[in-house]
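Engineer: To start, I am sharing the structure in question, which I have written as structure tokens.
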Amino acid sequence: MQTKPDLIIFDFDGTLADSVSFFRALLPELSQKFRFRLPSHEEQEAMRGHPPREVMSSLGIPGWKLPMIAVYARKRARAAEAFPLFEGTLDLLDAVMAKGIPVAVVSSNAEAVVRRALGPEISSRISAWSCGAGMFGKAKHFRDVMKRLKADPARTLAVGDEIRDIDAAREVGICCVAVSWGFAPIDALKAARPDHAFDDGPALKAFLVG
């Protein structure tokens with residue numbers, strides 16, 4: 001990047017950590033407990049490229065159930081082993097912060113889960129945390145961390161792996177960087193028109209820190 005950002009906001013699940021397999025394994029339990037249709041493996045793959053509201057409609061999940069499902073999923077995540085980080089995650093975060101760029105984490109997951117995965121050294125250097133974001137509530141959390149860190153939206157980036165990350169970034173007027181190694185496939189991400197999209201970690205690191 002030619003201009004040093006005021007702030008880089010990272011998503012956690014599917015962006016920094018490989019937690020997709022955990023949530024897929026949890027899906028049958030969630031389906032039974034909250035009484036929605038369990039999709040086949042083939043359907044799950046196809047749904048990766050669909051907007052969240054379309055997926056909810058297909059599975060028969062009303063909006064009022066989402067907070068309960070999210071609370072239960074976070075509880076199960078806290079009880080699980082630490083999620084594995086994608087290769088190069090700690091090096092990426094270290095390189096960004098070594099450049100003097102503040103880093104925030106905005107996640108639907110619990111802060112304790114994210115801290116456990118990142119470890120105490122990197123976690124202690126994160127400038128702001130805003131976790132427990134709802135399915136469609138990330139824009140509010142983006143605004144919160146920008147306000148706390150006095151970051152200019154025009155000089156703030158959000159890095160995420162889902163269409164809803166792109167939508168939230170666009171809602172608050174910040175640059176969106178999409179990555180393809182998480183939930184949504186690269187074609188679906190590009191169709192949502194992020195400002196930038198990357199297929200691999202080294203390319204993302206080169207873009208963020210040069």
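Coordinate-derived values only; no laboratory data. Being a predicted model, the structure only gives us computed values, none of them experimental. Every residue, glycine as well, gets a Cβ built from its backbone with ideal geometry; the counts of neighbours run over all protein chains shown.
Engineer: For q values of 0.15, 0.18 Å⁻¹, compute log₁₀ I(q)/I(0) with the Debye formula on a Cα-only model of segment 109-158, without solvent.
Structural biologist: So the normalised log intensities work out to -0.46, -0.65.
Engineer: Okay, next question. Let me have the relative contact order for segment 43-144, percent, based on Cα pairs under 8 Å that are six or more residues apart.
Structural biologist: 26
Engineer: Once you've got the GNM for the chain with C-alpha springs shorter than 10 Å, pick whichever of 134, 182, 63 has the biggest mean-square fluctuation.
Structural biologist: 63
Engineer: Still on this model: Would you list which aspartates and glutamates come within 18 Å of residue 65, measuring only between C-alpha atoms, while excluding same-chain residues fewer than 8 positions from it?
Structural biologist: Partners within reach: 29, 54.
Engineer: Right, something else. In segment 79-166, what trypsin sites (Lys or Arg not before Pro) fall in a loop by DSSP, with at most 10 other Cβ atoms inside 10 Å?
Structural biologist: 150
Engineer: Need one number for segment 13-82: average projected area of the convex hull over its C-alpha atoms, nm².
Structural biologist: Computed as one quarter of the Cα hull surface, the answer is 4.8 nm².
Engineer: Using only the alpha-carbon atoms of segment 80-163, report the extent along each of the three principal axes, biggest first, to the nearest angstrom.
Structural biologist: So the extents along the principal axes, rounded to whole Å, are 34, 31, 22.
Engineer: Under the Kirkwood approximation applied to all pairs of distinct alpha-carbon atoms, what is the hydrodynamic radius of the chain in Å?
Structural biologist: When all Cα pairs of the chain are included, the Kirkwood radius is 17.4 Å.
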